[in-house]
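The structure appears right after this line, and notes come after that.
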Amino acid sequence: MRIIAAVVHERSGPFQIKKVDLCDPRDDELLVEVVTSGMCATDLHGRDGYYNTPYPAVFGHEGAGIVRATGKAVTQFKPGDHVVMCYPWCGECPNCCSHRQTYCVHAFDLKMRGTRADGSILHAQNGKPIYSAFFQQSSFGNFTIANERYAVRVRNDVPLAHVCALACGGQTGAGAVLNVMKPKPGESFVVFGVGAVGLSALMAAKICGCDPIIAVDLHHHRLKLARELGATHAINHSGSASIVADIKEITGLGARYTLETSAVALVLREAIGALMPAGMCVLLGSAPVGTEVSFETPFLQNGRTVRGVIQGDSVPQQFIPQLVDHIVAGRFPVGRLITYYDFAEINRAAAESAAGKTIKPVLRMPH
């Protein structure tokens, strides 16, 4: 079928809205009318060639929409269902078989190669391939193909514009808290970087009853929003002589939990240094290969844990409906993070996101 999609023709090139051809769904796939799609740094990194995805390419991996057709083997979905499309996994590697699919050993290829797992393509233009299947969805278009395995049905009484923000950033931040840290009420929590991922984590920490909740960032408007969403303290990184000292002044012994989202080595070192004995630091930021952080071995011997987390250790079919219920109950007001853009404004959305002006850009697709 003929659709419109945002095509990038070269490394760091602009998104160009073009008419392209989309294949029909296979037996285990869904045809999804994309209503909204979030945009995050991973999409911009893909545009800029970080992952060696071939060009021309269609990106986007936070799509939400309505099922319009299903393959004959699909059993979990029907036309009219509201869905959010999530990360892919192979289902066969050791991690997938042990129910740790967020760490699928084939995830990078499934997310970034630009094709289905078997090398086939989803999009074409004038008979020539356009590489897509980004996170096995490429949601920067008004329709796309999604595998049944990677889609999650959500209740119809929640705006799809809110649901799409859960697909990657929302479940990554919230899942790091709710699925990995699992803090108890009254335990201290610090988040370094309050963009979409950090604020999702902060809202989850509030759900858990953490106290104090400390937000650290460079941007005043983000710190202001963090306070409104539940932070008990806000520290501007550029105005502090010692972030670690500031956190220990608030917490006494240091923080029980810290979360680092910036992928800046200095900031990660601060997040580790701010831990109390037996505390945990979770790294969510995607640092370039070769980034290193050093610390004294005895510091870790005192029971401290430092670990990375991908996609919030989430099983999306279980976790995203939980987050949607929190949205309905008013406990996870993700709409406060969102700035809406018409699809035609995709390049403005990218620029304002990269500049830190927008926390969570959400594209509205034309129909």
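Would you mind finding the one in 176, 161 that is buried (at least 24 other Cβ atoms within 10 Å of the Cβ) and hydrophobic (A, V, I, L, M, F, W, C)?
That would be 176, the only listed residue that is buried (at least 24 other Cβ atoms within 10 Å of the Cβ) and hydrophobic (A, V, I, L, M, F, W, C).
Among the residues of region 76-91, is there at least one that is touching a residue at least 40 places away in the same chain (Cβ under 8 Å), basic (Lys, Arg) and either over 28 Å from residue 361 (Cα atoms) or surrounded by fewer than 22 Cβ atoms within 10 Å (Cβ to Cβ) (or both)? Within region 76-91, not a single residue is touching a residue at least 40 places away in the same chain (Cβ under 8 Å), basic (Lys, Arg) and either over 28 Å from residue 361 (Cα atoms) or surrounded by fewer than 22 Cβ atoms within 10 Å (Cβ to Cβ) (or both).
Restricting attention to region 19-60, the residues being among the acidic types (Asp, Glu) and either in a loop (DSSP other than H, G, I, E, B) or free of Cβ contacts under 8 Å to residues at least 60 places away in the same chain (or both) number 4. When region 289-323 is examined, which residues are found to be under 27 Å from residue 98 (Cβ atoms) and either part of a loop (DSSP other than H, G, I, E, B) or β-branched (Val, Ile, Thr) (or both)? Those that are under 27 Å from residue 98 (Cβ atoms) and either part of a loop (DSSP other than H, G, I, E, B) or β-branched (Val, Ile, Thr) (or both): 289, 303, 304, 305, 306, 309, 310, 314, 315, 320.
Check whether at least one residue in region 201-216 is in a strand (DSSP E or B), β-branched (Val, Ile, Thr), assigned by TED's automatic domain parsing to the domain that holds residue 51 and at negative phi, and report yes or no. There is no residue in region 201-216 that is in a strand (DSSP E or B), β-branched (Val, Ile, Thr), assigned by TED's automatic domain parsing to the domain that holds residue 51 and at negative phi.
Taking each residue of region 208-226 that is surrounded by 24 or more Cβ atoms within 10 Å (Cβ to Cβ) and looking for partners that are at pLDDT below 95 with beta-carbon atoms closer than 7 Å, six or more apart or interchain, yields 216/237; 217/237. The residue of region 232-288 that is surrounded by the most Cβ atoms within 10 Å (Cβ to Cβ), among those that are in contact with a strand residue (DSSP E or B) (Cβ under 7 Å, 6 or more places away or on another chain) and assigned to a loop (DSSP other than H, G, I, E, B), is 261. Take the residues of region 332-366 that are farther than 22 Å from residue 226 by Cα, aliphatic (A, V, I, L, M) and outside any helix (DSSP H, G or I): which is farthest from the chain's Cα centre (by Cα)? Among those that are farther than 22 Å from residue 226 by Cα, aliphatic (A, V, I, L, M) and outside any helix (DSSP H, G or I), it is 365.
Whether a residue is buried (at least 20 other Cβ atoms within 10 Å of the Cβ) and either farther than 25 Å from residue 317 by Cα or assigned by TED's automatic domain parsing to the domain that holds residue 276 (or both) was assessed, and residue 195 passes this test. Scanning region 96-120 for residues that are among the aliphatic types (A, V, I, L, M) and either surrounded by 15 or more Cβ atoms within 10 Å (Cβ to Cβ) or closer than 13 Å to residue 135 by Cβ (or both) gives 107, 110, 112, 117. Among the residues making up region 114-153, those that are touching a residue at least 60 places away in the same chain (Cβ under 8 Å), assigned to a loop (DSSP other than H, G, I, E, B) and farther than 28 Å from residue 93 by Cα are 140, 142.
The values are calculated or read from the model by the stated rules, or taken from the named source; none is laboratory data. Computed from a predicted structure; not experimentally measured. As a convention, Cβ positions derive from the backbone with ideal geometry for all residues, glycine included, and neighbour counts pool all protein chains shown.
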